[in-house]
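Below is one structure, written out as structure tokens; comments come after it.
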Amino acid sequence: MVPQLNRREFVALSSGALLAGLTGRLRANAGQAAPPTPVFAPVRRNVNTFTARGGTIGWLSNKDALIVIDTQYPDSARLCLDGLKTHATRPVDLVFNTHHHIDHTGGNGVFRAVARKIIAQAHVPELQKMAAAQTPNAEAPVLPDATFDQTWTEKAGDETIAGRYYGPGHTGGDAIYHFQRAGVVHMGDLLWLQFHPRVDRPAGASIQNWLKTLETVARQMPRDTIYIAGHAKQATPVTAGVKDVTGFRDYFDAVLSTTRKGIADGKSKAEVTASSLPQFDSYQSAAPALTLAAVLGVAYDELTAGK
Ligand SMILES: [Zn+2]
């Protein structure tokens, strides 16, 4: 039974439900979504996660260092920073960004006030500026203080963190961060767990190189590595093992082979994006951007570019 509601109540309910359904932990308009629930969770050997709203934050706390990877949005960054005062024993030393998206860098301003430095891959600042220029009423982005082209290595007490760029993937400026002694890798949005990912082609993404990156990382890292994902299906963990990394590689393999076959068969983009991948039916969607159709559309554009 549908309860009797007047039109205004119905619209309010529908748009609220729509907003919650579409955005979940991924993105939301500040002030309209339900307040985020902050969760601090241990991963392994002083590496932890923080989830509230936006991409997963990873953090390392030992007696000599407090390192934060990604900053979500200003409101959830504040929750993270407040919680770290009790969960950690010292102030924040360094912040790293995995990539430029606002749900990973929107809280940079909150951490800027306390951290010595914010560090990101070299393409991140220009991509932050580009994204802000394309977003109505966007605040000026808080840019990193230091950047790196290929690698950045940082000693943090008895831990070593190695940042690395593998070329275009989810955007044109994704880095992963390896906590080498803990055996934990923060993948940023190069890893989505059971979720149709955003592929930001205008920001330089490449599905083909993203697939290769997942293969390379899975091969290079020790087998028992724990991977932190930028996003995961609702009510599922944000950490995973190598099987989930190769499983996500298989997803892109299916996307690319379906798209290649469609193009070879003379199908239009609309026909290709209407394809299904039954083996990945369990993946969560969030329309309009985070759907199989959107990913197939990017694959079609990528594979037909310049042809
Ligand atoms: Zn992203």
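Taken together, the values in this text are just the output of simple stated rules run on the coordinates, not laboratory data. These numbers come from a predicted model, not from an experiment. Here the Cβ is made from the backbone with ideal geometry for all residues, glycine too, and neighbour counts use every protein chain on show.
Tabulated data
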item: Residue-wise HN-Hα coupling along segment 43-60, computed from phi with Karplus coefficients 6.51, -1.76, 1.60 (Hz; x: Gly, Pro); result: 10, 6, 6, 6, 9, 9, 10, 9, 10, 8, 8, x, x, 4, 8, x, 8, 10
item: Exposure proxy ranking, count of Cβ atoms within 10 Å, fewest first, for Asp189, Asp158; result: Asp158, Asp189
item: Relative contact order, percent, the chain [alpha-carbon distance under 8 Å, six or more residues apart]; result: 13 percent
item: Evaluated over segment 224-307, the Cα radius of gyration and Dmax, each in Å; result: 14.4, 44
item: Under-5 Å amide H pairs with Gln284, H placed in peptide plane, nonlocal only; result: Phe195, His196
item: Karplus 3J(HN,Hα) series, Hz, for segment 164-174 with 6.51 cos²θ - 1.76 cosθ + 1.60 (x for Gly, Pro); result: 8, 9, 10, x, x, x, 5, 9, x, x, 8
item: Phe148 long-range amide H proximity, modeled H, under 5 Å; result: Ala120, Gln121, Ala122
item: Spread of Cα-to-Cα distances over 20 Å intervals beginning at zero, given as percent, for the chain; result: 33, 57, 10, 0
item: Violating pairs (Cα-Cα greater than 18 angstrom) within the set Lys155/Lys212; Lys63/Lys155; Lys63/Lys85; Lys267/Lys307; Lys129/Lys233; result: Lys155/Lys212; Lys129/Lys233
item: Hz values of 3J(HN,Hα) by residue in segment 99-115 - Karplus curve (6.51, -1.76, 1.60), Gly and Pro given as x; result: 5, 7, 3, 4, 7, 10, 10, x, x, 4, x, 5, 7, 3, 5, 10, 7
